[in-house]
Structure formats: C-alpha cells, structure tokens
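Trainee: I have a structure I would like to understand better, so I am pasting it below and will then ask my questions one at a time.
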Amino acid sequence: MNTGYSRDSYTKLTSIVRGFKRSCPHCGHGKIFNGYLKLLNTCSNCDAPTGEIRADDLPPYVTILLVGHFIVPILLYVEAEYRPELWMQMTLWPSLTLLLTLTVLPFIKGAAVGLMWHLNLKGDEH
Ligand SMILES: [Zn+2]
C-alpha cells in the first residue's frame, strides 16, 4: 500500500496535524473524509489512498482518554465546591461528555489516520 508516496518531505507531526484538520496527511490540501467519520477512498487533491487505512479502536480510545481527563476533574471540582443537585449532575455530565466526545472524535480519527499514513500502516498488519 501507498507505494510511490514518499513521506520524506514532511514529519510525522505534520501528518498528524494535517489529519487532525481532517485534511490529507500527504498533501495537506485535499479532503479525506466523506461525512462525519467515513473516509474517502482517495484524497480529493493528490489521490493518496487514505481510504485503505483502518484506524479501528484508536480514535475512540484516545477520545475517551482525553474527554475523561477533561470532564472528571471539572466534575469533582464542581461537586466539591458547589454541590449541585443530583438531577442537575445527572443531566449535565452525561450530556457534556456526549457532546465533547462526538465533537472531538472526528478530529482524533483524522490525527490517527495521519499517523498511520506516515508510518505506512493500513490497520491489517499482523
Ligand atoms: Zn492529498
């Protein structure tokens, strides 16, 4: 896979950042997503076959890790300082967690695809 696509002209971080912006990790200009999380078969600008990359569980894992580390300290602080009513907490925290998770996930998936592109991984390695 990806033969003929040299990654020597950019760094791993460049690929990750380009992916995070939901752009092609190779050229940085084309789009690689068709919708929320589905990848296009190829980059719309340079035809890099980014659609072959299967990020699988990495994006959800990283998203849960980040969102959890963001939400839990705030939750504990609010509980300790303000002691809001239970119904308020049972409404606020799950809603905020869901909203943040769904907001962050597509960008993390892009970053994961960018990293995998740079490492020349397809997601089916054994
Ligand atoms: Zn491209």
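The values are calculated or read from the model by the stated rules, or taken from the named source; none is laboratory data. Quick caveat, the model's predicted, so the values are computed rather than measured. Heads up, the Cβs are rebuilt from the backbone with ideal geometry, glycines too, and the neighbour counts pull from every protein chain shown. Accessible surface is based on the protein model in full, side chains and every heavy atom, while ligands, DNA and RNA are left aside. Shrake-Rupley method; radii C 1.70, N 1.55, O 1.52, S 1.80 Å.
Trainee: Express in nm, to one decimal, how much length is gained between Glu125 and Tyr77 on full extension, taking 0.36 nm for each residue of separation and deducting their alpha carbon distance. If you can, show how the numbers build up before the last one.
Mentor: Values: separation 48, 0.36 × 48 = 17.28 nm, distance 4.31 nm.
Extra length available between Glu125 and Tyr77 comes to 13.0 nm.
Trainee: Which FRET efficiency value, to the nearest 0.05, is calculated for Asn45 and Gln89 with the Förster distance at 35 angstrom and r the Cβ-Cβ distance?
Mentor: 0.15
Trainee: Helix by helix, which DSSP H runs in the chain go 20 Å or more along their axis at the Cα atoms and have an average Kyte-Doolittle hydropathy of 0.5 or more? Could the numbers behind the result be given before it?
Mentor: On the way: long enough: 58-82 (35 Å, 1.36); 86-118 (47 Å, 1.16).
Sorted by number, the helices that extend far enough and score high enough are 58-82, 86-118.
Trainee: Could I ask something else about it? Please report the spacing between the Cα centers of region 24-45 and region 48-126 in Å, no decimals.
Mentor: Cα centroid to Cα centroid, the span is 21 Å.
Trainee: Which whole-number percent of Cα pairs in region 12-118 have a distance greater than 17 Å?
Mentor: Values: 3172 of 5671 pairs.
The share of Cα pairs beyond 17 Å in region 12-118 comes to 56 percent.
Trainee: So, one more: Quick one: order Thr11, Thr63, Thr97 from most to least accessible surface, probe 1.4 Å.
Mentor: Details: Thr11 80, Thr63 0, Thr97 50 Å².
My answer, sorted largest first, is Thr11, Thr97, Thr63.
Trainee: On to the next question. So with the 1.4 Å probe, I'd like the accessible area per residue for the chain, rounded to whole Å².
Mentor: Numbers: 7920 Å² over 126 residues.
Ligands and nucleic acids excluded, the result is 63 Å² per residue.
Trainee: Carbon-plus-sulfur fraction of the accessible area of the chain, 1.4 Å probe, in percent? Don't skip to the end; give the middle numbers.
Mentor: Working: 5070 of 7920 Å².
Taking all protein chains in place, the chain shows 64 percent carbon and sulfur surface.
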